[in-house]
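The values are calculated or read from the model by the stated rules, or taken from the named source; none is laboratory data. Being a predicted model, the structure only gives us computed values, none of them experimental. Using ideal geometry, Cβ is built from the backbone for each residue, glycine included, and neighbour counts are taken over all protein chains shown.
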């Protein structure tokens, strides 16, 4: 192993502070800003063997691990990665680990990484063919699910407009199964006016909406480059964002249903794009 294994018997050991109180609003280490205007650590936390493996493989290089001995052995091959040479693996019992993080962690291992420099929209869309753009999506589980769907259905990047939650929040990373660390993402500086950058790069902007003037989804996905815009549960996309798009598209539905969960709708759009056969054309 390239990591340094350090046994932790005292839950109060300051060396494991990066993993402490993960459920605490006032102290959690995975948010950049804490209540009262205090600056947070803004760390990225990976939970479980698979997510830790994906963190190691990502640009979010872990600087420390906390886990039980069983998970240490399961990760033995991954911990040989040269990028994490010398990083501490704090080995603890399940009981000590529970006291540190604030709850019993069934997954038995955590990785912590500092946030690297943010990517620009221009960097993220370079060479991309299919992109998801989110507006007002503030549910962490929905964002995590969208990343997982994007990874599984060939979407090259996820971009964030106004009103979106932090995609590096611990729950997002967990629900995404670590794909929030692997699928490139960026935030728009000037929403929605920066959408012009995608049009300048030959993307067809497709707003997903059941509203008037929308065409069936299958009619909107056959361009060489496509960017799907999805909005929050309930209100959906803003009219300003939809006016900035090239086409409004709807998912045909039955029984009087007018909308789907945003992650589900995004997955259907991603699959329709795959099914069209134009992603690799």
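Observations, loosely collected:
- Among the residues of the stretch 42-70, those that are farther than 25 Å from residue 165 by Cβ, in contact with a strand residue (DSSP E or B) (Cβ under 8 Å, 6 or more places away or on another chain) and surrounded by fewer than 20 Cβ atoms within 10 Å (Cβ to Cβ) comprise 49, 68, 69.
- Residue within the stretch 104-125 that is in contact with a helix residue (DSSP H, G or I) (Cβ under 9 Å, 6 or more places away or on another chain), in the same structural domain as residue 222 (by TED's automatic domain parsing) and within 17 Å of residue 263 (Cβ to Cβ) present: no
- All positions within the stretch 106-130 that are over 26 Å from residue 53 (Cβ atoms) and surrounded by 15 or more Cβ atoms within 10 Å (Cβ to Cβ): 121, 125, 129
- Among the residues of the stretch 120-146, those that are in a loop (DSSP other than H, G, I, E, B), over 26 Å from residue 19 (Cβ atoms) and touching a residue at least 24 places away in the same chain (Cβ under 8 Å) comprise 120, 127, 128, 129, 136, 137.
- Any chance residue 151 is modelled with pLDDT of 95 or more, part of a helix (DSSP H, G or I) and outside the structural domain of residue 200 (by TED's automatic domain parsing): no
- Applying the set (1) out of contact with any strand residue (DSSP E or B) (no Cβ under 9 Å at 6 or more places or on another chain); (2) surrounded by 13 or more Cβ atoms within 10 Å (Cβ to Cβ) to residue 38 leaves exactly one unmet item: (2).
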